[in-house]
Amino acid sequence: MSVTDLHAAGLRRDERLERWKLFGLASPAILLVLVVLVIPVGWLFYVSFVGADGNFSLENYERMVSRKSYLRIFVTTFQVSILTTALCIVIGYPLAYFISQLPTRWANLCLVTVLLPFWTSLLVRTYAWLVLLQKQGLVNQWAISLGLWDEPLKFVHNMTGTLIGMVHIMLPFLILPVYGAMRAIDKDYLKAASNLGASPRRAFWTVFFPLSTPGLFAGSLMVFVLCLGFFVTPAVLGGGRVIMVSMKIVSNIELFVNWGAASSLGVVLLVLTVIILWIASRFTRLEQMAGGGH
Amino acid sequence: MTAKTGALPITVRDVTKTYGSVHALDGVSLNVKSGEFLTLLGPSGSGKTTLLMVLAGFTRPDCGSLKFGEDEMIRTPPHLRGVGMVFQNYALFPHMTVAGNVGYPLKLRNVPKAEARDRIDRALELVQLGGYGDRGIDQLSGGQKQRVALARSIVFEPRILLMDEPLSALDKKLRDRMQIELRHLHEQLGMTTVYVTHDQREALTMSDRIAVVNRGRIMQLAEPQQLYDRPANKFVADFIGDSSFLPVAREGAGVSFAGATLLMDGAVPEGNDLLLMVRPERVRLLTGDLPGDTNIFDAKVTELVYQGESYLLYARLPEGSEIAVRGAIREGTFGKLPQVGDAVKLGLHKADTVVIADGER
Ligand SMILES: Nc1ncnc2c1ncn2[C@@H]1O[C@H](COP(=O)(O)OP(=O)(O)OP(=O)(O)O)[C@@H](O)[C@H]1O
Ligand SMILES: [Mg+2]
């Protein structure tokens, strides 16, 4: 053994040991994922390929292609998801911008108010909207007594109600990553832009906005993907007129006790989501969804 | 790049900026001549950055006037001032390439594509980064970033260039080289330049004139040599270079120290509290014949320090003050120097005998 090999084997072993220890830290999570994700999803796949007679069959998938109602459900799901995401961007981006420009203390206060809805149950918030928006609800009563409109408007049990509820619930998921990205933008970049001759508007569009897009992209993706599988809000506020994939899954099980049909819908939704995430990951790094910034 | 013809003088008058009870700028007045390289030098928190930000338009002062040439600028927003600025942290846009950064001010000014490409290339060439246009910003070293920032700030030929400690993030070797490069660049382009640093050597090396700033006020504005040899007050003398101070008394047109009249070339300033400024490297250890044009002090060595290229010797005068003496070490002189406790005669030539007023003004 030459002098340069001194302790080489021992050092390599130490490094391997360290890696295993690190892996050990992750093992509870890995176990959990295995139990609550891999096994059920595997089961889901299996069930979706079992026909009514108990044998292997593609009938669950064939039904999805052949029946118009299924196509409509998927179209509705995407419609709601895209519209919700778009509305969240329109409302959330300027709000995140406003908060990011505040002094830290006020910004934190604003963030807490943005996050406040998370502290109450989703169901409660959704029913609260129902109370507010229904025919005899507060909004209609006040508007009529103020003379804004004469007849009660239909806000719930339709697309409008669904979107109002969904946007309300999804907004924080957009605002947080966008805010994170904006906060990480060094103020000197904007000073530099303006020093080089950019008007405030020009500086915003050429420097600030491009630097905030990773956060915007991450937030939009998060909202969109969450919307795809959303159930409670469209079920309550859609009043049966807005049927999304998740609701069809529930009705397949509760009404028709057809596990195969429900599973195949779940599989298609899962595959679509994975495809979207995969495409998105080619444009940005997914880790940004967690932390914003760049 | 023909900024030479278009350089603009800057006139600052009575600019004041307070943050709460802090006077970041306290009635600053300053003339920067057309094409001049002027450095703001001062300790941390003295108001250098604040003054630069007032010039660039990012800080709104409480009152005062600012003119570029004949035009009043104090209320002009930054993007209409047309000054170039190199930020301390460079502030290069991370979502653009090197060429994108340098071309940004040209795009804002709707310079045609072909001409823009030409000017970008020339600006990059000037800072010796020709061929780096397609690089990403995170692929550059600190010195390269600094040069891209410089190229970006001169590519639109501003008539005024501001720099806020642009070299502070660089290591010493690179900093020394960039100092000389910046100086050359200034000679080539000739735009009026205001440079901020708290490194006195950097200021002495690069500047036509230096404004020493302290607590929001300009202590002295002078050429480097004047500043070093004839500081206006104790703060400047203390801040620039090393010095010992001996209390002296006015005596007719001259001064005396411990009863003996001092030989001196310069004039005695007004005021009652007078100090003799003694630069360590201007003091000589006298042996043998005593020269007639030199003030001589008898002293006792209290400390001797070896510093590589030089020695530093501290000696106490009978009246209690201490003087530092610095000298070059060559041909084994260090071994022959007086030792601690020895009596020595220290000589200060009358040309180096400078009396200043105590206090800040
Ligand atoms: N935005 C601000 N809010 C409050 N006080 C400020 C602000 N900017 C500067 N000051 C104060 O004004 C004084 C001058 O600050 P300035 O940044 O001009 O110093 P400086 O000379 O550039 O110092 P340094 O060499 O450390 O950069 C300091 O006392 C500082 O605390
Ligand atoms: Mg500063």
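Each residue in region A:207-260 was checked for being surrounded by fewer than 20 Cβ atoms within 10 Å (Cβ to Cβ), within 14 Å of chain B (Cβ to nearest Cβ) and more than 22 Å from A:Ser281 (Cα to Cα), and 1 pass. Taking region B:80-134 as the range and being surrounded by 20 or more Cβ atoms within 10 Å (Cβ to Cβ) and in a strand (DSSP E or B) as the test, the residues that pass are B:Val83, B:Gly84, B:Met85, B:Val86. Of all residues in region A:138-149, none satisfies being touching a residue at least 60 places away in the same chain (Cβ under 8 Å) and either among the β-branched types (Val, Ile, Thr) or over 18 Å from A:Val242 (Cβ atoms) (or both). State whether one or more residues within region B:304-325 are hydrophobic (A, V, I, L, M, F, W, C) and part of a loop (DSSP other than H, G, I, E, B). There is at least one residue in region B:304-325 that is hydrophobic (A, V, I, L, M, F, W, C) and part of a loop (DSSP other than H, G, I, E, B). Quick check on my filter: what residues within region B:150-184 are of a type outside the set (A, V, I, L, M), touching a helix residue (DSSP H, G or I) at 6+ places or on another chain (Cβ under 6 Å) and farther than 21 Å from A:Leu196 by Cβ? Once the filter is applied, which keeps residues that are of a type outside the set (A, V, I, L, M), touching a helix residue (DSSP H, G or I) at 6+ places or on another chain (Cβ under 6 Å) and farther than 21 Å from A:Leu196 by Cβ, region B:150-184 yields B:Gln179, B:Arg183. Identify, please: which residue in region B:3-33 is β-branched (Val, Ile, Thr) and more than 16 Å from ligand 2 (Cβ to nearest atom) and is, among those, nearest to B:Ile154 (Cα to Cα)? Looking at residues that are β-branched (Val, Ile, Thr) and more than 16 Å from ligand 2 (Cβ to nearest atom), I get B:Thr5.
Screening B:Val127, B:Val102, B:Val111 for residues that are of a type outside the set (D, E, K, R), more than 7 Å from chain A (Cβ to nearest Cβ) and within 26 Å of the chain's Cα centre (by Cα) leaves exactly one candidate, B:Val127. Of the listed requirements (1) farther than 28 Å from A:Leu270 by Cβ; (2) in a helix (DSSP H, G or I), A:Trp149 misses just one: (2). Every residue in region B:228-260 that is of a type in the set (A, V, I, L, M, F, W, C) and either over 16 Å from B:Thr197 (Cα atoms) or in a strand (DSSP E or B) (or both), please. B:Ala232, B:Phe235, B:Ala237, B:Phe245, B:Leu246, B:Val248, B:Ala249, B:Ala253, B:Val255, B:Phe257, B:Ala258, B:Ala260, listed by residue number.
If the requirement is being touching a residue at least 40 places away in the same chain (Cβ under 8 Å), on the phi < 0 side of the Ramachandran plot and surrounded by fewer than 14 Cβ atoms within 10 Å (Cβ to Cβ), which of these qualifies: B:Asp62, B:Asp14, B:Asp26, B:Asp71?
On the way: B:Asp14 fails: on the phi < 0 side of the Ramachandran plot; B:Asp26 fails: surrounded by fewer than 14 Cβ atoms within 10 Å (Cβ to Cβ); B:Asp71 fails: touching a residue at least 40 places away in the same chain (Cβ under 8 Å).
Step by step, each of B:Asp62, B:Asp14, B:Asp26, B:Asp71 is checked, and only B:Asp62 is touching a residue at least 40 places away in the same chain (Cβ under 8 Å), on the phi < 0 side of the Ramachandran plot and surrounded by fewer than 14 Cβ atoms within 10 Å (Cβ to Cβ).
Filtering region B:19-54 to residues that are of a type in the set (Ser, Thr, Tyr), closer than 15 Å to B:Met219 by Cβ and either more than 7 Å from ligand 1 (Cβ to nearest atom) or within 14 Å of another protein chain (Cβ to nearest Cβ) (or both) leaves B:Ser29, B:Thr39. All of B:Leu150, B:Leu167, B:Leu162 fail the test of being surrounded by 20 or more Cβ atoms within 10 Å (Cβ to Cβ) and either assigned to a helix (DSSP H, G or I) or of a type in the set (D, E, K, R) (or both), apart from B:Leu150. Note on region B:34-64: residues that are farther than 21 Å from B:His186 by Cα and either more than 16 Å from ligand 2 (Cβ to nearest atom) or in a loop (DSSP other than H, G, I, E, B) (or both) amount to 14. If you go through region A:188-206 and keep only what is out of contact with any Gly (no Cβ under 9 Å at 6 or more places or on another chain) and either at the interface with chain B (Cβ under 7 Å from one of its Cβ atoms) or over 24 Å from B:Phe156 (Cα atoms) (or both), you end up with A:Asp188, A:Tyr189, A:Lys191, A:Ala192, A:Ala198, A:Ser199, A:Arg202.
Throughout, read-outs are computed from the coordinates displayed, never taken from laboratory work. As the structure is a computational prediction, the values presented were derived from the model and not from experiment. Counting neighbours? That spans all protein chains shown, and the Cβs are built from the backbone with ideal geometry, glycine included.
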